[in-house]
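Right, one structure below, let's go through it.
Every number here is computed from the coordinates shown, using simple stated rules; none is lab data. This is a predicted model, so every value here is computed, not measured. All Cβ positions, even for glycine, are placed from backbone atoms using ideal geometry, and neighbour counts span all protein chains on display.
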Amino acid sequence: MRFTQRFRSIVLVAACAGLSLGAVASPMARALREAGPGRLAIARLQYEGGGDWYANPSSLPNLIRAVAERTSLPIERVEGKVKLTDSALFDYPFIHATGHGEIKLSDVEVQRLREYLTRGGFLHVDDNYGLDESFRREIARVFPDRPLVEVPHGHQIYHLVYDFPSGPVKVHEHDGKPAKGYGIFIGNRLALYYTFSADLGNGWEDVGTYPDPPALHEQALRLGVNLFTYATTSRVQP
C-alpha cells in the first residue's frame, strides 16, 4: 500500500498553501505513526568500480540537519551507508549516490536496485563530474525498458516544500552546460532522480568548502528537502 495517503495529502495541502512543514507538525506526526514500521533515514550508496562514492563528506549530514530543522519528519540524525546487497537496503526510503569516477554494478546488484526502486525506494544520483557515462550505462541495465527522461519543471519534486520553477539548482560549472534533472518513473511515481551538470551535493557541503555564496548553499539544501520529502511521501510499502 502507499506510505500513507493521509500523510501525503497533508504535505501537498501545506505546500499549496505556502506553509512550512513545521506548521502542520502534529497532524504529520500522527500520520507517520499510523504509517507503521519503517525508518526515515538517508543512506549513502557504496558501490564498486573505482568511483569515490564517499565524496562530499559534509553533504548528507547538512541535508539531514536541514530536513530535521525545517520539517516535522522524524528523520534519523545519522547518515547511513549501504551496499545494494545489504539486508538493510529496504529500510531506507532515500538513498544518495555520488562520485567523480566509475560506477559498476554486478548482476546481483542490478537485480537488487531494480527491486528496491520497484518496491518503493527512491534513489538520488548526483553526478559529481565524471560519473555520467558509467551511471547511464549501469542504469540502462537496471531498467532496459525505462529510459531516463527529463523531469518536467512542474513536477512535485520542484514545488513540494520550496519552489524551483526553473528546475534543479546549478552549483558548479560542468563545461558550461545547464543543470538538468532526469528521472525514471514507475507508474506516476518518480523512483530515481538524477542531477547532471549541477553538483547538488557540493551545494550541501559546509559553507566555505567551495567559494560559493551562502545563498547557493541555501538553494541546494532547499531542493534536497524537497527530494527527501517527496521520497518519503510517495513511497510504496512492500
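Tabulated results
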{"item": "Two-site FRET efficiency, Gln111 against Val78, from Cβ-Cβ distance with R₀ of 25 Å, rounded to 0.05", "result": "0.30"}
{"item": "Radius 13 Å from Cβ of Asp126, net charge of other residues (Lys, Arg +1; Asp, Glu -1)", "result": "-2"}
{"item": "Over the stretch 5-233, relative contact order from alpha-carbon pairs under 8 Å, at least 6 apart, %", "result": "21 percent"}
{"item": "Convex hull of Cα atoms in the stretch 5-233, direction-averaged projection (nm²)", "result": "11.7 nm²"}
{"item": "Cα centroid separation, the stretch 119-189 to the stretch 90-118 (Å)", "result": "15 Å"}
